[in-house]
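Beneath this line is the structure, given in structure tokens, with notes to follow.
Just so it is clear, none of the values below were taken in a lab; they were calculated from the coordinates. Fair warning: this is a prediction, and the values are worked out from it, not measured in the lab. Glycine also receives a Cβ, built like all others from the backbone with ideal geometry; neighbour counts cover every protein chain displayed.
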Amino acid sequence: MFKSMMLALGMLSIAATAAVPPLGMGRAATPAEIALASISVAPDGTGLPPGKGTAITGRAVYEAQCAACHGAKGEGSAAFPKLVGGVGSLMSAQPVGTIGSYWPYATTVWDYINRAMPYQNAGSLHPGEVYSVTAYLLYLNGIIKQDTELNRRTLPMVEMPNQHGFVDDDRPDVR
């Protein structure tokens, strides 16, 4: 009896939801608007835009846009995470998850900076600035040389220290 009553209530709520008319607000996004929001970057570099940068050019962008929160050399602060160091610490009692110790792909670093930084004005950096800041952070972590040019071709080739620290999820129910 209880099960049939719950089933009836569930079906009634589904029917009520389906009967709600549109609110008459907004509109469907256009293909052009959807394309603007389609900014995903894959580990292999698919989705990276044209542009280039080095740690040399990235230092000035970092100092102007990032250092106030993350420190002059990526050391972090009470409110913002450390970006440099921590290599070899992930299996220790006090792991330090930074770009150099945790992140598996350099393209992911680029993607995150592009989407979410600087904190107070997310997404405001142009692709060349993002390549430059990414290069500067990779340089500070000892992953690339100061004059290494990052672009849509070279960035996916950067091997991160923890690149092999992740395993694919091969469960059949996970896509």
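Quick notes on this structure:
- The residues of region 71-98 that are closer than 12 Å to L137 by Cα and either among the hydroxyl-bearing types (S, T, Y) or touching a residue at least 60 places away in the same chain (Cβ under 8 Å) (or both), listed by number, are K73, G74, T98.
- Looking only at region 100-122, and only at residues there that are surrounded by 13 or more Cβ atoms within 10 Å (Cβ to Cβ) and free of Cβ contacts under 8 Å to residues at least 60 places away in the same chain, the one that is farthest from R59 (Cα to Cα): W103
- Looking only at residues of region 107-157 that are of a type in the set (K, R) and assigned to a loop (DSSP other than H, G, I, E, B), we find that the one that is nearest to A55 (Cα to Cα) is K145.
- Test: residue in region 96-106 that is under 21 Å from A67 (Cα atoms), of a type outside the set (S, T, N, Q), over 16 Å from the mean Cα position of the chain (by Cα) and assigned to a loop (DSSP other than H, G, I, E, B): yes
- Members of region 124-158 found to be among the charged types (D, E, K, R), buried (at least 18 other Cβ atoms within 10 Å of the Cβ) and in contact with a Leu (Cβ under 9 Å, 6 or more places away or on another chain), listed by number: R152
- Residue within region 132-152 that is small (G, A, S) and within 18 Å of the chain's Cα centre (by Cα) present: yes
- Residue that is surrounded by the most Cβ atoms within 10 Å (Cβ to Cβ) [pool: residues in region 33-43 that are closer than 12 Å to W110 by Cα and not hydrophobic (A, V, I, L, M, F, W, C)]: P43
- Contact annotation: residue pairs with Cβ atoms under 7 Å, 6 or more positions apart or on different chains, pairing a residue in region 149-169 that is under 20 Å from R59 (Cα atoms) with a partner that is of a type in the set (D, E, K, R), are E149/K52; L150/K52; N151/K52.
- Of all residues in region 27-36, none satisfies being under 21 Å from T98 (Cα atoms), acidic (D, E) and over 20 Å from the mean Cα position of the chain (by Cα).
- Scanning region 72-86 for residues being surrounded by 13 or more Cβ atoms within 10 Å (Cβ to Cβ) and either closer than 19 Å to V167 by Cα or in contact with a Cys (Cβ under 7 Å, 6 or more places away or on another chain) (or both) gives a total of 1.
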